[in-house]
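See structure below.
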Amino acid sequence: MAPASSGMCDRPELEDDHRTESQKEWANWAAHGYRKLYQPRSVRRFGLVFSVVLAALLLTVFWFAAHGGLPW
């Protein structure tokens with residue numbers, strides 16, 4: 001015997017109008033198995049910031065190593 005319908009739509013893509021754009025992006029990423037192509041902007045932004053900070057840190061370390069350490 002099939003369960004009784006709650007009166008709500010059986011298609012979740014039609015009910016998610018109340019979601020924010022960010023929530024829709026995260027849901028889309030989850031629905032596609034967390035593949036890189038579907039990553040939300042916030043994940044890509046975090047990756048960009050992390051990469052830039054890491055590059056700056058590495059450049060600073062190499063610059064200090066090439067110039068004899070800290071100036072004091």
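For the stretch 50-60, does any single residue satisfy the condition of being surrounded by fewer than 10 Cβ atoms within 10 Å (Cβ to Cβ) and either touching a residue at least 12 places away in the same chain (Cβ under 8 Å) or of a type in the set (A, V, I, L, M) (or both)?
no
Quick check on residue 10: is it in a loop (DSSP other than H, G, I, E, B), modelled with pLDDT under 90 and either in contact with a helix residue (DSSP H, G or I) (Cβ under 9 Å, 6 or more places away or on another chain) or not basic (Lys, Arg) (or both)?
Spelling it out, residue 10 is indeed in a loop (DSSP other than H, G, I, E, B), modelled with pLDDT under 90 and either in contact with a helix residue (DSSP H, G or I) (Cβ under 9 Å, 6 or more places away or on another chain) or not basic (Lys, Arg) (or both).
Hey, can you tell me all the residues within the stretch 19-40 that are at pLDDT below 85 and outside any loop (DSSP other than H, G, I, E, B)?
36, 37, 38, listed by residue number.
Looking only at the stretch 20-41, which residues are out of contact with any helix residue (DSSP H, G or I) (no Cβ under 9 Å at 6 or more places or on another chain) and among the hydroxyl-bearing types (Ser, Thr, Tyr)?
20, 34
The values are calculated or read from the model by the stated rules, or taken from the named source; none is laboratory data. Here the structure is a predicted model, which is why all the values come from computation and not from measurement. As a convention, Cβ positions derive from the backbone with ideal geometry for all residues, glycine included, and neighbour counts pool all protein chains shown.
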